[in-house]
Amino acid sequence: MWVLTPAAFAGKLLSLFSLPLSSLWRSLVLLFCWLRATFWLPGTKKTKKQLVPREPDKTKDEEEDPPLPTTPTSVNYHFTRQCNYKCGFCFHTAKTSFVLPLEEAKRGLLLLKEAGMEKINFSGGEPFIHDRGEYLGKLVKFSKAELQLPSVSIVSNGSLIREKWFQNYGKYLDILAISCDSFDEQVNVLIGRGQGKKNHVENLQKLRTWCGNYRVAFKINSVINRFNVEEDMTEQIKALNPVRWKVFQCLLIEGENSGEDALREAERFVISDEEFERFLERHKEVSCLVPESNQKMKDSYLILDEYMRFLNCRNGRKDPSKSILDVGVEEAIKFSGFDEKMFLKRGGKYEWSKADLKLDW
């Protein structure tokens, strides 16, 4: 149509000259209407462009920031799996005898400090079993004197600690937590906290005295299980007066205390949530009690194994990351499964420096 338009227009124009003057004006009007219809086709009518508000494109600076890396505020370093006890519910068993060389362990602790670590807790296995506690003592001293961490703590069964250790390293230690599941020695033996003629309960009192003498905050850890769930420990705990009494519900971890490859069979130690709640209710008058159910415990701890790998427990087993010595803390911690919100909810951050505890020594 657009090709024929010039010819058609010429024909229309020539025809005007053959019309009388009276009709000329009417014909011009018709010509104008024809031109308008020809050049302004349906659907092409020009209208004023409407301005529709639109969101400005986000620049790189305006895009959402990626989530901040997890800060390893409090870390539990299980530097050895070896132990002289055989607790039936143990969930970090002696699968290897490996222990990092001291300087490599120190390098890892320095990496953690640079990543934001404020508290280090040394555990096992039994941490005093390696090199008669000297390896542990050197790590404790390094963490407090050189890294200047606000809190350095140990979890131990207490059976291998000697007063000389306190003399050499006590001033560098903030908290000593001793595992004690019962104040009935026969129950301790049933659980696996027995070592010949040594009385676990009597040793607990001796350690409490040493902690007072050498200005170390004293703490007790208890795992509530089938053999002690009906026990009332109120009087004994009040007499020992620990800064914290951490009460755990017996937890199954595949490959550690449950399953075909496990070194322990903890199923017979397991209690229900209702039984655990009844135990807590029985001890509600103990002000230092800090309860930890399976739900609170499973993903709220940053656990390093003997190779300095974070252990992810989200799937009911311990899946290791790569070692922080190889890939760094920020990369390894991505695979830790750590629930930082649950860590804070369970009271994972507290006054953990003995300087802040203001204890009456």
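Every read-out reported here was derived from the displayed coordinates using simple, explicitly stated rules and does not represent laboratory data. Fair warning: this is a prediction, and the values are worked out from it, not measured in the lab. Glycine gets a Cβ as well: all are built from the backbone with ideal geometry, and neighbour counts include every protein chain shown.
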| query | Label LYS86 and VAL189 with points 7 Å out from Cα along Cα→Cβ: what is the distance between them in nm? | reply | 1.4 nm
| said: Would region 213-361 count as rounded, prolate or oblate if I go by the C-alpha gyration tensor, calling it rounded below 1.5 in a/c and otherwise prolate when a/b exceeds b/c, oblate otherwise? | reply: oblate
| said: Please give the Cα centre distance for region 103-152 versus region 222-248, rounded to the nearest Å. | reply: 28 Å
